[in-house]
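Participant: Have a look at this one before I ask anything.
The values are calculated or read from the model by the stated rules, or taken from the named source; none is laboratory data. This structure is a prediction, so every number in the text was calculated from the model and none was measured. Ideal geometry is used to build each Cβ from the backbone, glycine not excepted, and the neighbour counts take in all protein chains shown. All accessible areas refer to the heavy atoms of the entire protein, side chains included, with ligands and DNA or RNA removed. Shrake-Rupley method; radii C 1.70, N 1.55, O 1.52, S 1.80 Å.
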Amino acid sequence: MVTYWVKTPQWLKRISPKQLIWDVADVEPSVYLTFDDGPHPVATPFVLGQLADAGARGTFFCVGDNVRKYEAIYDSVVAAGHTTGNHTYNHLNGWKTVNYTYLENIKKAAGLIKSNLFRPPYGKLKLSHVRQLAKEHPPWKIYMWDIISGDFDATISPEQCLDHVLSNLQPGSIVVFHDSEKAWERMSYALPRVIAYCLDKGWKLKSLPR
């Protein structure tokens, strides 16, 4: 049983702090594929290959400790022209973490991830976190999502994961996949088919604006 919103409700977007970015308005039809929790020695190179074959760009919200472990893979993401973002150093749950600890963990990750893009793990952060991040110079761009594939969810099939995306996808959508071991079975099935669908529609696949 799915216990998360695959498609973020419009009412949630409306009432959330203005600093949270849920989708992207663009002059040309575009989709924004994002990948959380990497880098990973198997999943990340697979994603890079899929994007390269399609001439596409993506955004990788990386866990700082994984960048430390797999620095060469992280460097390959950057060298391929993709955008990276901060996903904390230890994949912290912001709802369960006091302000100082949470913000220091982000700063620790920032020592390895040179980007002002941020996505909170689990999509969970406090309003006080949002306010503090907005005060930084330059301010953090906090990217949430329009569609979450559910590739992390072992209770769904790869086909269901694909359907989560394709049944909700539209230009401007920010889509969450994970380049992680837990997501591998579902992500590796769904991602190539989502890319093919977008290309067939004539939609661009872009990195998130920095």
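Participant: Is there any pair with a first residue in region 139-162 that is among the acidic types (Asp, Glu) and a second that is part of a loop (DSSP other than H, G, I, E, B) and open to solvent by less than 10 Å² (accessible area, probe 1.4 Å) whose Cβ atoms are under 7 Å apart and which are 6 or more apart or on different chains, and what are they?
Facilitator: 146/8; 151/183
Participant: Mind counting the residues in region 100-112 that are assigned to a helix (DSSP H, G or I) and open to solvent by less than 60 Å² (accessible area, probe 1.4 Å)? Show your work before the answer.
Facilitator: Step one: list which residues in region 100-112 are assigned to a helix (DSSP H, G or I), which gives 100-110.
Okay, now just the ones that are also open to solvent by less than 60 Å² (accessible area, probe 1.4 Å), so 102-103, 105-106, 109-110.
The qualifying residues number 6.
Participant: Checking the structure you have, find out if any residue of region 89-105 is of a type in the set (D, E, K, R), touching a residue at least 60 places away in the same chain (Cβ under 8 Å) and under 30 Å from residue 11 (Cβ atoms).
Facilitator: Of region 89-105, the ones of a type in the set (D, E, K, R) are 96, 104.
Applying the additional criterion that residues be touching a residue at least 60 places away in the same chain (Cβ under 8 Å) yields none.
Scanning region 89-105 turns up no residue that is of a type in the set (D, E, K, R), touching a residue at least 60 places away in the same chain (Cβ under 8 Å) and under 30 Å from residue 11 (Cβ atoms).
Participant: May I pose another question? Suppose we filter region 174-210 for residues that are buried (at least 16 other Cβ atoms within 10 Å of the Cβ), farther than 24 Å from residue 114 by Cα and in contact (Cβ under 8 Å) with a residue 60 or more places away in the chain; how many remain?
Facilitator: Counting residues in region 174-210 that are buried (at least 16 other Cβ atoms within 10 Å of the Cβ), farther than 24 Å from residue 114 by Cα and in contact (Cβ under 8 Å) with a residue 60 or more places away in the chain gives 11.
Participant: On to the next question. List the helices (runs of 4 or more DSSP H) that sit entirely inside region 24-85 and contain at least 1 residues that are closer than 19 Å to residue 203 by Cα and at pLDDT 95 or above. Show your work before the answer.
Facilitator: Details: elements: 43-54, 64-69, 71-79.
By residue number, 43-54.
Participant: Restricting attention to region 35-60, report how many residues are closer than 22 Å to residue 166 by Cα and crowded, with 24+ Cβ neighbours inside 10 Å.
Facilitator: Here the count works out to 7.
Participant: Right, residue 92: in contact with a helix residue (DSSP H, G or I) (Cβ under 8 Å, 6 or more places away or on another chain), within 27 Å of residue 190 (Cα to Cα), in a loop (DSSP other than H, G, I, E, B) and open to solvent by 30 Å² or more (accessible area, probe 1.4 Å) or not?
Facilitator: Details: in contact with a helix residue (DSSP H, G or I) (Cβ under 8 Å, 6 or more places away or on another chain): yes; within 27 Å of residue 190 (Cα to Cα): yes; in a loop (DSSP other than H, G, I, E, B): yes; open to solvent by 30 Å² or more (accessible area, probe 1.4 Å): yes.
In short, yes.
Participant: Output the number of residues of region 113-138 satisfying the condition of being part of a helix (DSSP H, G or I) and open to solvent by 70 Å² or more (accessible area, probe 1.4 Å).
Facilitator: So in region 113-138, the residues part of a helix (DSSP H, G or I) come out as 121-123, 127-135.
Restricting the remaining residues to those that are open to solvent by 70 Å² or more (accessible area, probe 1.4 Å) gives 122, 127, 131, 135.
Residues that pass the stated criteria total 4.
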